[in-house]
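Written below as structure tokens is the structure these notes are about.
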Amino acid sequence: MAREKILKGIAVSRGIARGTVFVYETERIEVFQTPIHPVYLDDESARFERALDKTKRELVNIQERINQEIGQDFAQFLDAQILMLDDDAINKEVKKRIIEKKKNAEFVFHQVMNEYAEKLGASKDTYLKERVADIWDVGTRVLRNLLGLTHSSVVDIPEGSIIAAHDISPSEAALINPKTTLGIATEVGGRTSHTAITARALEIPAVLGIAGLMDKIKNGEKVIIDGDRGILVKNPKAGRIHFYENAKKKDQELQKELSPYCEMPSRTRDGRHIDISANIEFFSEYTHAKKYGAEGIGLFRTEFLYLTRRGTPTEEEQYRVYNALAARMKPNPVIIRTYDLGGDKIFSDYHEANPFLGWRAIRVCMDDLDFFKSQLRAILRASVNKNVKIMFPMISTYEEIKRVNLIFGKVKKELHEKNIPFDEDIQFGIMVETPSAAIMSSHLAHQVDFFSIGSNDLTQYTLAVDRGNEKISQLFDHFHPAVLNLIKRVIDSGHESHIWVGLCGELAADPIAIPLLIGLGIDELSMNPSSIPRAKMVLRAITIAQCEGIAETVLGFRTALEVKKYLRRQLSSILPNIDKVIP
Ligand code: PEP
Ligand code: MG
């Protein structure tokens, strides 16, 4: 009997899962050259053909599955990969070289792919450049089939799997199938990394940042993921299994207890309404938002449309998604955030030394106006539903807003000229997630209709702590007084200019943060849908006077620890059973 072992990490997506490890690895495959006897050259070409056919069948299957389970929009990127397999120029070249060089198919194919990728990589056209990643994706799949190796993609894993990986890229994370994936464990990443966000969106228990995971775990091992305590148990003993089965039962009972809150209005005990809305990344998640009682979409992270497609979606493709989302959520509002690419959300061979301080979000869009304008047009066209608001990420200067507004105005004018309808009163907002925007918020407020505080980035930039770096994750704390003081400043600036202020970072979903944020005057909280019932439970138990008292005290504290201890005590005194719902 293998020995039980407990591995510690960061709890990022709640719940308990028991399953079998599926190791997801993205390492490059080694290809060796082997001479082929002339008699077998035709067989070698035929072997190459069979690998192409097999790869195509696999991709078509994956595409069908994504179509059904996540949505058509997210299956589109595979079209380009399937087309590559039919590329006559590549296929003829490979067969020609097998004959000429008398070398094995994998060696020749790898060489041809390399040359092709290099050519595209050198291109000035960003669309072609982006295809390099697709070439390697599809090329690796063909190579694996030629070499008879099993595939390693999160999309086609066996049922009952717990994914164990060093890291999962945002685009790969988008392919995780909640029907086959019971849990996720990775070596890198923290609470606000995109694997974490996707895991929460798909309601899959996850523990990230487990040091040395890949050396400690093997394919096929039995494990338990405890997404509440941040633990992975390898080879669990009978007693442990019993404990977790019990905990799971209790959790199901808790969910049942919280479920009536989905339907209840989001009002404080003394009747103040606070909008509670949902953060989503995929169109299909609007069903989660509705199920848990969101009053709208407070943040639609549109970059996932780009990442899952692995390239720029057309205006029409974008419009279809935005329009469908707005139509399904009507009359509740949908805040569409323009692309927040860069940082940890870039899909290409583009690298820079400090991606979070670099070419990210609005900076990327401003450098490619055709790309940006096509998204603005798509959002404006969807605004005919009358419930769409537009929001811009990573604003750090006043000039940026002025420029964005100018471009937005131009796009509106162009639509007018073409008689394309849109909502003339569409609200124009920004995310306040850089310290400079927070500090300058009283000036920025005159330029916009609303603020939404991005506490994830605001924390990372204020504390100079990379939000995805597990080595320093203990320093990443959105309860740090410096962050809280900036949040207060933003809310006050917004209210002085009579605009509403929301918060859509992870802080919004933390039960102990809710009385504080309300005491600071927040108008809207947007969070991952499954946190909504718990947030409503807290909201409905507190009064504005209590919250204001709490906020005043907290603003006098010097450390995050003092803040958290105090908030927990306060909430426990208001809601004695709160310990049951806070991990
Ligand atoms: C944030 O930064 O708090 C936020 C909500 O945006 P994202 O997590 O997508 O960067
Ligand atoms: Mg952000």
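Mark the label point 7 Å from the Cα of R229 along Cα→Cβ and return the residues of the stretch 10-52 whose backbone N is within less than 20 Å of it.
What the label zone holds, given the 20 Å backbone N cut-off, is 10-21.
Using modelled backbone amide H atoms (1.01 Å from N, in-plane), which distant-in-sequence or interchain residues come within less than 5 Å of G505's amide H?
Hits under the 5 Å cutoff: S455, N456.
Divide the volume of the convex hull of the Cα atoms of the stretch 270-581 by its number of residues and quote the answer in cubic angstrom per residue.
131
Answer rounded, prolate or oblate for the chain, using the Cα gyration tensor with square roots of eigenvalues a ≥ b ≥ c: rounded when a/c is under 1.5, else prolate when a/b is larger than b/c, else oblate.
Cα axes put the chain in the oblate bin.
Leaving out ligands and nucleic acids, note down the accessible area per residue over the chain with a 1.4 angstrom probe, in whole Å².
Accessible area per residue, the chain: 42 Å².
As a check on your grasp of the helix formula, calculate [θ] at 222 nm for the chain: sum -39500 (n - 2.57) over DSSP H runs of n ≥ 4, divide by the residue count, round to the nearest 500.
-15000 deg cm²/dmol
What does the charge add up to near H416, with Lys and Arg as +1, Asp and Glu as -1, over the other residues with Cβ less than 11 Å from its Cβ?
On the way: positive: K410, K412, K413, K418; negative: E414, E417, E424.
Spelling it out: positives minus negatives among the neighbours equals +1.
Given R₀ = 45 Å, what would the calculated FRET efficiency be for I99 paired with V60, taking r from the Cβ atoms and rounding to 0.05?
On the way: r = 29 Å, r/R0 = 0.65.
Given R0 = 45 Å and the Cβ-Cβ separation, E is 0.95.
Please arrange D87, D425, D275 by accessible surface area, largest first, computed with a 1.4 Å probe and ligands excluded.
So, going from the largest accessible area down, we get D425, D275, D87.
Which residue, chosen from P236, N67, T34, occupies the Cα position most advanced towards the positive end of the dipole of the chain, where the dipole is computed from +1 (Lys, Arg) and -1 (Asp, Glu) charges on Cβ about the Cα centre?
P236
Mind checking which lysines have their C-alpha under 19 Å from K418, skipping anything on the same chain fewer than 8 residues away?
Partners found: K373, K410.
How large is ³J(HN,Hα) for each residue in the stretch 315-320, as worked out from phi by the Karplus curve 6.51 cos²θ - 1.76 cosθ + 1.60 (θ = phi - 60°), to whole Hz, x for Gly and Pro?
So the J values, rounded to whole Hz, are 4, 5, 4, 5, 4, 4.
How big is the dipole moment of the stretch 223-330 about its Cα centre under a simple scheme where the beta carbon of each Lys and Arg is +1, that of each Asp and Glu is -1, and everything else is neutral? Debye, nearest 20, please. It would help to have the intermediate numbers written out before the result.
On the way: 19 positive and 16 negative charges, 85 e Å.
Around 400 debye, computed over the stretch 223-330.
In percent, how large is the relative contact order of the chain, given Cα pairs closer than 8 Å and 6 or more residues apart? Intermediate values should be presented prior to the final figure.
Working: 1129 pairs, mean separation 87.8, N = 583.
For the chain, the relative contact order is 15 percent.
Modelled label-to-label distance, N577 and N114, 7 Å Cα→beta-carbon offset: nm?
The answer from the label model is 6.5 nm.
Please enumerate, by chain and number, the aspartates and glutamates with C-alpha under 12 Å from the C-alpha of K413, excluding those fewer than 8 residues away in the same chain.
Partners found: E424.
Highest first, please rank the peptides 391-398, 552-559 by the mean number of other Cβ atoms sitting within 10 Å of their residues.
Those peptides, ordered most packed to least, come out 391-398, 552-559.
Are any of the pairs K119/K218; K8/K290; K248/K536; K237/K536; K119/K179; K250/K290 more than 31 Å apart by Cα-Cα distance, and if so, which? List each step's numbers first, then the result.
Numbers: K119/K218 38 Å; K8/K290 34 Å; K248/K536 23 Å; K237/K536 38 Å; K119/K179 39 Å; K250/K290 25 Å.
Exceeds cut-off: K119/K218; K8/K290; K237/K536; K119/K179.
From the backbone phi of the stretch 500-517, what are the Karplus-calculated ³J(HN,Hα) couplings (6.51 cos²θ - 1.76 cosθ + 1.60, θ = phi - 60°) in whole Hz, Gly and Pro given as x?
8, 10, x, 9, 10, x, 4, 4, 4, 8, 7, x, 6, 7, 4, x, 5, 5
If you place +1 on the Cβ of every Lys and Arg and -1 on the Cβ of every Asp and Glu, how big does the dipole about the Cα centre of the stretch 504-583 come out, in debye to the nearest 20?
340
What part of the accessible area of the stretch 270-581, given as a whole %, is carbon or sulfur when the probe is 1.4 angstrom? Walk me through the numbers on the way to the answer.
On the way: 5890 of 11490 Å².
Of the solvent-accessible surface of the stretch 270-581, carbon and sulfur hold 51 percent.
Percent relative contact order of the stretch 270-581, based on C-alpha pairs within less than 8 angstrom and at least six residues apart?
Numbers: 563 pairs, mean separation 54.0, N = 312.
Relative contact order for the stretch 270-581 comes out at 17 percent.
Apply the Karplus curve 6.51 cos²θ - 1.76 cosθ + 1.60, θ = phi - 60°, to the phi angles in the stretch 540-549 and return the couplings in whole Hz, x for Gly and Pro.
Result, rounded to whole Hz: 6, 9, 10, 10, 4, 4, 4, 4, 5, x.
Enumerate the amide H contacts of S452 below 5 Å, restricted to partners 5 or more residues apart or on another chain; note that Pro and chain-start residues carry no placed amide H.
I430, M431, V432, G502
At R0 = 25 Å, how high is the FRET efficiency between A122 and Q33 if r is their beta carbon distance? Nearest 0.05 is fine. Working shown, then result.
Numbers: r = 25 Å, r/R0 = 1.01.
For R0 = 25 Å, the calculated efficiency reads 0.50.
If you take every DSSP beta bridge fully contained in the chain, what fraction is antiparallel? Give it as a percent rounded to 5.
Expressed as a percentage, antiparallel bridges in the chain total about 30.
Tell me which of L380, F283, G212 sits at the most positive position along the dipole axis of the chain, charges placed on C-beta atoms (Lys, Arg +1; Asp, Glu -1).
So the residue we want is G212.
The values are calculated or read from the model by the stated rules, or taken from the named source; none is laboratory data. Since the structure is predicted, the reported quantities are computational estimates derived from the model, not experimental observations. Counting neighbours? That spans all protein chains shown, and the Cβs are built from the backbone with ideal geometry, glycine included. Ligands, DNA and RNA are excluded from the accessible area calculation, which covers all protein heavy atoms including side chains. Shrake-Rupley method; radii C 1.70, N 1.55, O 1.52, S 1.80 Å.
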